[in-house]
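Read the structure below first, then the notes.
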Amino acid sequence: MASFTRIRACDYLFHLNVFRSSFKKNGNLRILGFHSSAPKHVIELKMPSLSPTMTSGTIVNWHKKEGETVSPGDVLCEIQTDKAVMAFETEEEGVLAKIYVGDDSSDVQVGSLIALLAESGEDWKNVKSSETPKISSEVTQKSEESKNVIAASHQPEGNSKKSMIMGPAVRGLLQRYGLSPNNILVSGPRGLLLKGDVLQHIQKENLKPVPISPVAKPIISSKTVVTEPKTAKPATVKVQNLTHEQEYQDLELSSMRRTIAKRLTASKTGIAHAYNTVSCKVDSVINLRQKFKNEGIKFSINDIVIKAVATALDLCPDVNVIWKGDQLIKPATVDISVAVATNSGLITPIVTDVLGRGVLEIGDVVRDLADRARIGKLQLHEFQGGSFTISNLGMYGISEFSAIINPPQCAILAVGGSRLELGDDGKPMTVMSATLSYDEEAISPVAAATFMSTLRSLLESPQSLLLGHRSLPA
């Protein structure tokens, strides 16, 4: 005979019921334990890792508010990573119950609880999480500390004897006018005494600089010889001009810009950069583009350059290499990263399998990637990877420049704008310069020179690129 018993109910696990079933078989008592649980009513939304190197991020703004319905594919918020501003989408559905980390919240650690999502039909105002949100408590604690510091800085000298934070310019003003920092009202964050605070106090009290007492000259007898050291210099005192003070504003660097600077510094100092520059006659490209434009078919010179670079890499595979740890590998396809400037910094979305695409398709893909990069809608796989990078500053009037390699890639091409020059026959011609920066440890100078020579031949005879030929023009 079998028995069926409920042994406990775990409310903190959302109605998880554990049962025990016992029965006899062949004279032996057997016991089975199992549980039944209702669907989880609350979904904890945590700070996602949107890139392999991301450890923290900034929540730029929320697209949804508390109480709004969320459907699969909806964008909940925008998150600034160390590489880009990206949209955080969810595959869940329900109601956004609580937001623990608001807009413009920086240094939010990956895995931290940022919001709760309740099921549709549930009382979303009363939902709770089993995890205590650390972010909100930390932010509250920091804000309270900030308030305490500001309140303490406004107390009179008798109530507060703590040392005050100040810069060298502020300290110089205090010494010049014989002031004590405890007598000046502080307006800077975290009790920081600003230069403007001192200047405002000076103007309010109509103070004058403290006169510097002259140093008495020593009396030297006729028998005494004094030798002055050649390195001695007279002390100088710089007086601030209060009537011509310049205003300034502190600019906060985003985590993305800091990461870009850190990576490029490591690349420039840790990779043996070598350079090759060629000048290409692009009259054929311009004429060909104008011919198609008259027929209603539009593409840019940059689209032709991307196609030409991919073809040259296919013909010179020793340049299409990347590092994988300490191992140098050749990718199976040619994936070109194209540098795009955004408000947050530079990002390089990838045009995959360029050899398998036509010039018109390349142009469509580049425009779509660039538009979504500027509004932070790129997915991780759309800017992570690539085997070669192109940076084009020709539209800004830059004729020639060199770029820094973006590891684990081994080369980057810097493309300048076109310009008119006189040819050997005395006739004007349109010339465009391109500079290859390459890792000399991974790519030999001969391979780099061959690649650039091949690229110049393809750009000077672009008809084969439009036909999709993977060979040098005759």
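The values are calculated or read from the model by the stated rules, or taken from the named source; none is laboratory data. On a predicted model such as this, the values are computed, not experimentally measured, just so you know. When we count neighbours, we look across all protein chains shown, and the Cβ atoms used for this are built from the backbone with ideal geometry, even at glycine. The area values use the complete protein model at the heavy-atom level, side chains included, leaving out ligands, DNA and RNA. Shrake-Rupley method; radii C 1.70, N 1.55, O 1.52, S 1.80 Å.
Of note:
- Total formal charge among the other residues, if their Cβ is under 14 angstrom from that of G73, Lys/Arg +1 and Asp/Glu -1: -3
- Solvent accessible area, Å² - L420, 1.4 Å probe, full protein context: 140
- Taking the C-alpha atoms of region 269-466, convex hull volume expressed per residue in Å³: 130
- Per-peptide average of other Cβ atoms within 10 Å, ordering 348-355, 410-417 highest first: 410-417, 348-355
- Pairs from the table (K298/K377; K64/K268; K268/K377; K64/K307; K65/K195; K268/K291) lying more than 32 angstrom apart at Cα are K64/K268; K64/K307; K65/K195; K268/K291.
- Long-range HN-HN contacts of V60 with modeled amide H, under 5 Å: E78, I79, Q80, D104
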